[in-house]
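First the structure, in the form of structure tokens, and then the observations on it.
The values are calculated or read from the model by the stated rules, or taken from the named source; none is laboratory data. Model, not experiment: these values are computed from the prediction. In this analysis, Cβ positions are derived from the backbone assuming ideal geometry, glycine residues included, and neighbour counts consider all displayed protein chains. Surface accessibility is based on the protein's heavy atoms, side chains included, excluding ligands, DNA and RNA. Shrake-Rupley method; radii C 1.70, N 1.55, O 1.52, S 1.80 Å.
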Amino acid sequence: MGKFSYVIKSCNYKILSAAILLSLMGIGTLVSIAHSEGTFLSREVLIQSVALLLGLLSAAAILMLGYRCFMNLEKYIYIFSVIFLLSVYIPGLGVSFYGSRSWIDIGFTTLQPSEIVKITFIMVMASYLSKNSSCLSTFKGVLSAALYACPFILIVAKEDFGSGCVFCAIWIFMVFCSGLELKIIGRAALSFLLLIPMLYFFMADYQKDRIDAFLSPENLDLPGNYQVWNSKTAIGSGGFLGKGFLEGTHKSLGFLPVPESDFIFAAAVEETGFMGGMAIIALFAFFIFSSLKAARYARDLYGALLGAGLVGMFFFQAFENIAMTMGLMPVTGITLPFLSYGGTSMVASMMGVGLILSISCRQKI
């Protein structure tokens, strides 16, 4: 009872409130999209609402257990994560959407393993880096850390290049925060820049099309550019205060592509305007800054790296998705945390919030 009361008193309710507000804004946008189809309570609204509740329960459980209980389970979490990612290839279990075999069918709904594994990947990397931080002063040590993460990145990137980029961003952010020397960062950055032209030739045709479209935004014949043009039009049509709740026209007329997921930011801004868009960005900035502060004052290196990985995940996804809807980044299919439709994504995001709250509750003085 004493531990429960301590956790309740020490919980960072500002971080939790920001996450819940963003989630409610996302559900509100899904309600508006459902209204344009003649209903208020669509399947997406129901799943997202249930996922939010399940996510909050998961966050509460993690908060009570404490983040350190996962530290010594690194090997088991690693094995579970790899097997879970490979489960999409089991006949009759794995299913494909949008040309990507990244989901498993459990009957009443589908799950996306990569969303849950983002959290477990951060757990195992935090454990590995905290135990091997002294080795990262050499290029060999950094290479070992990269090889440790390779199974996750390669399996995910094979079917979902966008999610693969998220895993890479998490790894880079965590290695950087583990005390990597600047000369190693410089060498790694140079190597990455030299590899970019080579990576293009290993991409699938639809991935090359997205890169080509990003480099030639004025050509609406290229796949993706027409969707981005409609997204920018929807954002611009919202004006300063927006058209009003349920009054968005681009989503209701079918011009805005995937408004419930990839382009939900454009759907929200059309109805709430510039002020609504700035409110979403401000909430994300507050959430990320507060989470980074919690990681900075973590009681141990494991907690600091765990928080850093979660901050890297939320920041990269939010930045890429919002920039993508405005044509500032290539279309990758990366969803907007808390807002975009996806039950697995919502639960995973709330699990991440639970870990951040746990780190904050047990921070050093």
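Scanning region 318-365 for residues that are among the small types (G, A, S), closer than 14 Å to I264 by Cα and more than 12 Å from the chain's Cα centre (by Cα) gives a single hit, A323. Of all positions in region 6-18, at least one carries a residue that is touching a Phe, Trp or Tyr at 6+ places or on another chain (Cβ under 7 Å), farther than 30 Å from G244 by Cβ and either open to solvent by less than 90 Å² (accessible area, probe 1.4 Å) or at pLDDT 95 or above (or both).
With respect to A308, determine if the residue is touching a Phe, Trp or Tyr at 6+ places or on another chain (Cβ under 8 Å) and at pLDDT 90 or above. Taking the combined requirement at face value, the residue satisfies it.
Among all positions in region 134-144, there is no residue which is under 22 Å from the mean Cα position of the chain (by Cα) and at pLDDT below 80. Evaluating A267 against the criteria (1) at pLDDT 95 or above; (2) more than 28 Å from M71 (Cβ to Cβ); (3) touching a Ser or Thr at 6+ places or on another chain (Cβ under 7 Å) leaves one unmet condition, (1).
Take the residues in region 233-264 that are hydrophobic (A, V, I, L, M, F, W, C) and either modelled with pLDDT under 90 or open to solvent by 40 Å² or more (accessible area, probe 1.4 Å) (or both), then tell me which one is nearest to the chain's Cα centre (by Cα). By that ranking, first place goes to V258.
Kindly establish whether A60 is without any contact (Cβ under 8 Å) to a residue 12 or more places away in the chain and surrounded by 12 or more Cβ atoms within 10 Å (Cβ to Cβ). Criteria not met by A60. For region 175-185, the count of residues that are crowded, with 19+ Cβ neighbours inside 10 Å, closer than 25 Å to Y297 by Cβ, at pLDDT 85 or above and not charged (D, E, K, R) is nonzero.
Being of a type in the set (S, T, N, Q), touching a Lys or Arg at 6+ places or on another chain (Cβ under 8 Å), touching a residue at least 24 places away in the same chain (Cβ under 8 Å) and surrounded by 19 or more Cβ atoms within 10 Å (Cβ to Cβ): is that true of T272 here?
On the way: of a type in the set (S, T, N, Q): yes; touching a Lys or Arg at 6+ places or on another chain (Cβ under 8 Å): no; touching a residue at least 24 places away in the same chain (Cβ under 8 Å): yes; surrounded by 19 or more Cβ atoms within 10 Å (Cβ to Cβ): yes.
Considered against the rule, which asks whether it is of a type in the set (S, T, N, Q), touching a Lys or Arg at 6+ places or on another chain (Cβ under 8 Å), touching a residue at least 24 places away in the same chain (Cβ under 8 Å) and surrounded by 19 or more Cβ atoms within 10 Å (Cβ to Cβ), T272 comes out as no.
Scan region 285-303 and give yes if some residue there is within 20 Å of M324 (Cα to Cα), without any contact (Cβ under 8 Å) to a residue 12 or more places away in the chain and part of a helix (DSSP H, G or I), otherwise no.
The initial filter retains those residues of region 285-303 that are within 20 Å of M324 (Cα to Cα), namely 285, 288.
Applying the additional criterion that residues be without any contact (Cβ under 8 Å) to a residue 12 or more places away in the chain yields 285.
Within this subset, residues satisfying the condition of being part of a helix (DSSP H, G or I) are 285.
The answer is yes; a qualifying residue exists.
Taking G333, is it open to solvent by less than 10 Å² (accessible area, probe 1.4 Å) and small (G, A, S)?
no
Candidates I116, I83, I47: the one that is among the aliphatic types (A, V, I, L, M), without any contact (Cβ under 8 Å) to a residue 24 or more places away in the chain and either open to solvent by 70 Å² or more (accessible area, probe 1.4 Å) or closer than 25 Å to L339 by Cβ (or both) is I83.
Hey, any hits in region 286-303 for a residue that's within 16 Å of L24 (Cα to Cα) and at pLDDT 95 or above? Don't jump to the end; show me each part of the working.
Let us first name the residues in region 286-303 that are within 16 Å of L24 (Cα to Cα), namely 287.
Subsequent filtering for residues that are at pLDDT 95 or above retains 287.
Yes.
A count restricted to region 97-107 and to residues that are modelled with pLDDT under 75 and under 15 Å from G342 (Cα atoms) stands at 2.
Would you say L310 is more than 14 Å from the chain's Cα centre (by Cα), surrounded by 24 or more Cβ atoms within 10 Å (Cβ to Cβ) and not hydroxyl-bearing (S, T, Y)? Judged against the criteria, L310 is not a match. So which residues in region 334-364 are in a loop (DSSP other than H, G, I, E, B) and among the aliphatic types (A, V, I, L, M), if there are any at all? Passing the criteria: I334, L336, L339. If I ask for residues that are free of Cβ contacts under 8 Å to residues at least 60 places away in the same chain and not in a helix (DSSP H, G or I), which ones from region 304-333 would you list? Across region 304-333, the qualifying residue is only L328.
Looking at region 275-294 only, could you name the residues that are of a type in the set (A, V, I, L, M) and open to solvent by 10 Å² or more (accessible area, probe 1.4 Å)? Full working, then the answer.
First pass over region 275-294, keeping only residues of a type in the set (A, V, I, L, M): 275, 278-283, 285, 288, 292, 294.
Within region 275-294, M275, M278, A279, I281, A282, L283, A285, I288, L292 meet the criteria.
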